[in-house]
Amino acid sequence: MSIPTGPAVPVETREHYLNVNYGVKSWLLTTDHKRIALLYLASITLFFFVGGFFAVLIRLELLTPPGDLFQAETYNKLFTMHGVMMIFFFLIPSIPAVLGNFLVPMMIGARDLAFPRLNLLSWYIYIVGGLFTFGAVVAGGVDTGWTFYTPYSSTYSNGNVIAAGIGIFITGFSSILTGLNFIVTIHTMRAPGLTWFRLPLFIWAHYATSLIMILGTPVVAITLVLLVLERGFHIGIFDPALGGDPVLFQHLFWFYSHPAVYIMILPGMGVISELISCFSRKYVFGYHFVAFSSLPIAVISFLVWGHHMFVSSQSVYAGMIFSILSFLVAIPSAIKVFNWTATLYKGSISYQAPMLYAFGFIGLFTIGGLTGLFLAALGLDIHVHDTYFVVAHFHYIMVGGAVMAYLGGIHFWWPKITGRLYPEAWARFSALVIFIGFNLTFFPQFILGYLGMPRRYHAYPDEFQVLNVMSSAGASILGVGYLIPMIYLIWSLRYGAVAGANPWGATGLEWQTPSPPPTENFKETPIVTEEPYHYSIREIKVV
């Protein structure tokens, strides 16, 4: 189904944010939120493929039981750098820094974010932090795991812990500035008539995410500073030989790093709300519940960090409280899933590529969420803690959830970002390849974990080989699935059909400006007079 919106004006014949000026300097010194979003897009794509390269090496090692491709120390470095690159430099900034930067001002009818220079500074901070961390990789790597657990990281590791820690510390300020910018922009720069309950759910999700960014990120920043000081000067914060407590590090680290899971997934939920509504041509069922559910997710996420530490010697009473709270945080997430499902009911559904990614998100995120309940149960977690069950669970959330939503959003707003359409058949094909490859990669790991295969081991018993071979085969399919969109999206920049202002027939202010948008987004400030997702008044033509 396509919704014609009149003849599209050729991209080259009018001035827009991409051609208003040229040259490297015009990009590196830009304060236009749309150009900064593209700088982030290029940067995080690079880090994604670096992290993916480490993943390929991990899966090659695990094809055979003896651990005959890499030494144990090298394998430790591979999974550490895979985790660091993917989490701190891809997943956390992916949707907020790319789609959020591009769309938040446009969705609320603003000309830019509240602090354009801070926005550019956040990208430079991200790059500097990335270079520090990449330097740690080139200089020999880090072997502590992405969690940097003490006392190994602070005392015994031979890796470049200080350089990696400083890099992640620096990058944290990028998150803080982005979150601050979004909160101020959403509060103060909404168009006339755009009340809180006329906001797109994408904006609600980014508002909740921004709260976590500015409240949680300073905690992990200070934690990494303490780690670097401990490692460099042996001051005895985490080292029990000097009177420190290594479990204190776990409390500090997970106090941020569990909310960080929601920094990764909440923006994805905002994207899925937009996709489900557009491609089912319906108002989001229970809009107020879906909007408000983002806020309890943000609040409760700060209260569940102890479920990572059921086997860390914390008291059983604390474990019970954390277990109950971990079950509780699933409720607002379930509200979203049920309301998306109700939105689909009796909708005029079209199976465009972004919608396929949305369907993939709902299925994979649901599996990830339900297996999270297994890990929130005290007795079962003791059995599967630090096994491949945990690896499969968080990949279903991070990759099956966040990355599927990111790709769905990239495909949905690609015509707006570039003014070009991508080949729809290839896009649908890649969505299916990614879905199949992902499940073949990570579902066997649930079984491996249940059977007792621990994570982070480069060698394993022979009886686990079949499932590991399945997982590695799936990873090769998944890798191809990720390469296909990169190829056809780049191809579309030159050869794609010219996109109209609103190729999907979607609601929202961002679709009321040309594709690509002018630098100032809107020629005059829009005035909002109707509710969000008001599809019932729109004529739908099936061609």
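Under the Karplus relation 6.51 cos²θ - 1.76 cosθ + 1.60, θ = phi - 60°, what is the ordered set of whole-Hz ³J(HN,Hα) values for segment 99-115, x standing for Gly and Pro?
So the J values, rounded to whole Hz, are 5, x, 4, 6, 9, 4, x, 5, 5, 9, x, 9, 8, 6, 6, 4, 10.
Using a probe radius of 1.4 Å on heavy atoms only, what accessible surface per residue do you get for segment 79-225? Whole Å² is fine. If you can, show how the numbers build up before the last one.
Values: 4290 Å² over 147 residues.
With all protein chains present, segment 79-225 gives 29 Å² per residue.
To the nearest whole percent, what portion of all C-alpha pairs in segment 23-84 is separated by more than 20 angstrom?
Every Cα pair in segment 23-84 considered, those over 20 Å come to 47 percent.
When the Cα centres of segment 481-511 and segment 85-151 are compared, how far apart do they sit, in Å?
24 Å
Regarding segment 280-387, what are the three Cα extents along the principal axes, ordered largest first, in Å?
53, 29, 17
Going by amide H atoms built from the backbone, whose H comes under 5 Å of the H on Thr387, apart from near neighbours?
Hits under the 5 Å cutoff: Arg455.
Would you tally the net charge around Gly347, using a Cβ to Cβ cut-off of less than 11 Å, leaving Gly347 out, and scoring K and R as +1, D and E as -1?
In short, +3.
Given axes a ≥ b ≥ c from the Cα gyration tensor, I'd like to know whether segment 230-285 is rounded (a/c under 1.5), prolate (a/b larger than b/c) or oblate.
prolate
Calculate the radius of gyration of the Cα atoms of segment 167-312 to one decimal place, then report Dmax, the largest Cα-Cα distance, as a whole number, both in Å.
Cα only, segment 167-312: 18.8, 63 Å (Rg, Dmax).
Considering only protein heavy atoms and a probe of 1.4 Å, how much of the accessible area of segment 31-542 is carbon and sulfur, as a whole percent?
For segment 31-542, the apolar C and S fraction of the accessible surface comes to 72 percent.
Rounded to whole Å, give me the distance from the Cα center of segment 516-533 to that of segment 289-309.
32 Å
Charges only on Cβ, +1 for Lys and Arg, -1 for Asp and Glu: so what's the dipole of segment 57-148 about the Cα centre, in debye to the nearest 20?
400 debye
How many Å² of accessible area per residue for segment 350-490, probe 1.4 Å?
36 Å²
Treating only the Cβ atoms of Lys and Arg (+1) and Asp and Glu (-1) as charged, compute the dipole magnitude of the chain about its Cα centre; round to the nearest 20 debye.
That gives the chain a dipole magnitude of about 1260 debye.
Let me check I have the definition right: for the chain, take the eigenvalues of the Cα gyration tensor, multiply each by 5, take square roots. What are those semi-axes in whole Å, largest first?
In descending order the semi-axes read 38, 25, 24 Å.
Could you compute the net charge surrounding Pro65? Neighbours are other residues with a C-beta less than 11 Å from the C-beta of Pro65; K and R count +1, D and E count -1.
-4
List the residues whose amide H sits under 5 Å from the amide H of Arg420, counting only those 5 or more places along or on another chain, with H placed 1.01 Å from N in the peptide plane.
Under 5 Å from the amide H of Arg420: Ala499.
At 222 nm, what value in deg cm²/dmol follows for the chain if DSSP H runs of at least 4 each add -39500 (n - 2.57) and the sum is divided by all its residues, to the nearest 500?
The helix-only estimate for the chain comes to -21000 deg cm²/dmol at 222 nm.
Looking at the chain, do any whole DSSP H helices span at least 24 angstrom along their long axis by alpha carbon and average 0.5 or above on Kyte-Doolittle, and which? Walk me through the numbers before you get to the answer.
Working: long enough: 33-61 (42 Å, 1.41); 116-138 (33 Å, 1.23); 161-188 (41 Å, 1.67); 201-233 (47 Å, 1.68); 246-280 (51 Å, 1.13); 316-344 (43 Å, 1.52); 353-376 (34 Å, 1.67); 424-451 (41 Å, 1.21); 465-495 (45 Å, 1.12).
Going by DSSP H runs, the hits are 33-61, 116-138, 161-188, 201-233, 246-280, 316-344, 353-376, 424-451, 465-495.
The values are calculated or read from the model by the stated rules, or taken from the named source; none is laboratory data. Everything quoted here is computed from the prediction, not taken from an experiment. All Cβ positions, glycine included, derive from the backbone under ideal geometry; neighbour counts span all protein chains shown. Remember, those area values only see protein heavy atoms, side chains included, never the ligands or the DNA or RNA. Shrake-Rupley method; radii C 1.70, N 1.55, O 1.52, S 1.80 Å.
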